[in-house]
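Data block below; observations after.
The values are calculated or read from the model by the stated rules, or taken from the named source; none is laboratory data. These numbers were taken from a predicted model, which means no experiment stands behind them. Neighbour counts run over all protein chains shown; Cβ positions are idealised from the backbone, glycine included.
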Amino acid sequence: MKADFFSSAISVLLILLIISGMIPGMASAADGENTDPVDSTNDLIIEDISCNPQNPEPGQAVTITITIINQGTGVSEPTDATCKIGKADPETIPVPKIDPETSLLVPFTWVPDKEGTVKITATVGDSKKTIKVLVAKKHLRISQ
């Protein structure tokens, strides 16, 4: 009788663990591959995009800096940001690990080839931010 009660209690506990999702979590923790079911890049947010100089001339090297913050509670994994500049193909920008509640500046260089307003869009995970940059030749004024 005690064996039947003990067996029934174990069966009920196993059913409760399966229903609550504990067994899949325990299985992934024991798989030996250190897989993390949570994507730590979901906590990365693009805080800002800056352009130096702010209004470049065609042919002038420009430093674009993406400010990314990790709003999560764990260190993010290395990932890539994507930056789309005007009609050019998107560029892949490597983003190293970021500590929790820390911002990281990720700079890269761009050389505009013609005048006009250029839209720059940076994306990391689900976060996206866009700025517009005016590319124009600076005309010299002669004062009299």
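When you scan segment 82-91, do you find a residue that is surrounded by fewer than 11 Cβ atoms within 10 Å (Cβ to Cβ), out of contact with any Gly (no Cβ under 9 Å at 6 or more places or on another chain) and under 20 Å from Ile49 (Cα atoms), even just one? Looking through segment 82-91, at least one residue is surrounded by fewer than 11 Cβ atoms within 10 Å (Cβ to Cβ), out of contact with any Gly (no Cβ under 9 Å at 6 or more places or on another chain) and under 20 Å from Ile49 (Cα atoms). Among the criteria (1) assigned to a loop (DSSP other than H, G, I, E, B); (2) of a type outside the set (Val, Ile, Thr); (3) out of contact with any Leu (no Cβ under 8 Å at 6 or more places or on another chain), the one Ala81 does not fulfil is (1). Scanning segment 50-73 for residues that are surrounded by fewer than 13 Cβ atoms within 10 Å (Cβ to Cβ), part of a loop (DSSP other than H, G, I, E, B) and in contact (Cβ under 8 Å) with a residue 12 or more places away in the chain yields a count of 5.
One residue stands out among those in segment 101-114 that are assigned to a loop (DSSP other than H, G, I, E, B) and modelled with pLDDT of 95 or more: the one that is surrounded by the most Cβ atoms within 10 Å (Cβ to Cβ), which is Pro112.
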